[in-house]
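Undergrad: The structure that follows is given in the form of structure tokens.
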Amino acid sequence: MNTVTIDDIRKLTIPAAGSHKGQNGRLLIIGGSHLFHAASLWALTVASRIVDLVHYSSVPENNMLVANAKAEFRSGIVVPRSDVDAYIEEDDCILIGPGMTRDSETETITNTLFAKYPTRQWVIDAGSLQMMDISLIPKNAILTPHHGEFTHAFERGERYCL
């Protein structure tokens with residue numbers, strides 16, 4: 001088990017006094033669905049406390065929940081799914097999958113974005129983990145499967161086998 005030490009904490013840097021929003025970390029969250037709301041909202045809640053600028057893209061009702069709770073998510077901007085390409089290009093990292101369902105829509109979104117942006121830094125979670133074509137996993141991606149998601153992603157047939 002890795003333990004965080006005081007030396008690890010000392011290596012962290014404090015943003016420069018003259019820096020502005022977005023110069024110290026930018027994250028795009030692509031998640032949520034009509035069925036699952038909480039997972040992507042939890043990701044946004046945590047990210048908005050530690051990342052300088054968070055872009056959030058979900059289904060319309062989740063986007064509306066976030067827009068209505070703007071006071072809590074001061075460092076966030078709601079992005080329609082139709083506009084994610086521009087934010088993928090400008091953000092440092094993309095978290096995809098929390099709260100997304102196991103369906104063809106998630107599969108299409110996930111695999112299309114991986115194929116289109118293989119050099120971006122990806123964190124792959126939940127629904128996207130379960131629906132991705134593993135041959136499209138971008139280099140240096142971070143995968144966050146629990147046991148069931150790992151089994152589903154890596155043991156489901158020739159199309160997806162390593």
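The values are calculated or read from the model by the stated rules, or taken from the named source; none is laboratory data. Just so you know, these numbers come straight off a predicted model, no measurement behind them. Don't worry about glycine lacking a Cβ; one is built from the backbone with ideal geometry, like all the others, and counts go over all protein chains shown.
Undergrad: Within region 100-121, track down each residue that is surrounded by 24 or more Cβ atoms within 10 Å (Cβ to Cβ) and not β-branched (Val, Ile, Thr).
TA: The one that is surrounded by 24 or more Cβ atoms within 10 Å (Cβ to Cβ) and not β-branched (Val, Ile, Thr): MET100.
Undergrad: Any residue that is touching a Pro at 6+ places or on another chain (Cβ under 8 Å) and not aromatic (Phe, Trp, Tyr) - is there at least one of those in region 85-101?
TA: no
Undergrad: When residues of region 9-47 are filtered for being among the aliphatic types (A, V, I, L, M) and out of contact with any strand residue (DSSP E or B) (no Cβ under 8 Å at 6 or more places or on another chain), how many remain?
TA: 10
Undergrad: Restricting region 73-99 to residues that are more than 20 Å from ASP133 (Cβ to Cβ) and small (Gly, Ala, Ser), which is surrounded by the fewest Cβ atoms within 10 Å (Cβ to Cβ)?
TA: Out of the qualifying residues, it is SER82.
Undergrad: Please verify whether region 83-105 includes one or more residues that are under 20 Å from PHE36 (Cα atoms), over 14 Å from the mean Cα position of the chain (by Cα), modelled with pLDDT of 95 or more and acidic (Asp, Glu).
TA: Looking through region 83-105, at least one residue is under 20 Å from PHE36 (Cα atoms), over 14 Å from the mean Cα position of the chain (by Cα), modelled with pLDDT of 95 or more and acidic (Asp, Glu).
Undergrad: Against the definition (touching a Phe, Trp or Tyr at 6+ places or on another chain (Cβ under 9 Å), surrounded by 12 or more Cβ atoms within 10 Å (Cβ to Cβ) and under 19 Å from SER82 (Cα atoms)), how does LEU143 come out, yes or no?
TA: Taking the combined requirement at face value, the residue does not satisfy it.
Undergrad: Something else about it: Among residues belonging to region 1-36 that are over 24 Å from the mean Cα position of the chain (by Cα) and surrounded by 10 or more Cβ atoms within 10 Å (Cβ to Cβ), point out the one that is nearest to VAL84 (Cα to Cα).
TA: SER19
Undergrad: Cβ contacts < 6 Å: first residue farther than 18 Å from ALA39 by Cα, restricted to region 124-147; second residue crowded, with 17+ Cβ neighbours inside 10 Å and hydrophobic (A, V, I, L, M, F, W, C), any location; separation 6+ or different chain. Result?
TA: Within 6 Å, the pairs are LEU136/PHE114; PRO138/PHE114; PRO138/TRP122; ALA141/TRP122; ALA141/ILE124.
Undergrad: If you scan region 70-92, which residues turn out to be aliphatic (A, V, I, L, M), touching a residue at least 24 places away in the same chain (Cβ under 8 Å) and over 20 Å from THR106 (Cα atoms)?
TA: ILE77
Undergrad: Also, quick follow-up: How about region 82-92: which of its residues are hydrophobic (A, V, I, L, M, F, W, C) and more than 11 Å from ILE30 (Cα to Cα)?
TA: Selection gives ALA86 alone.
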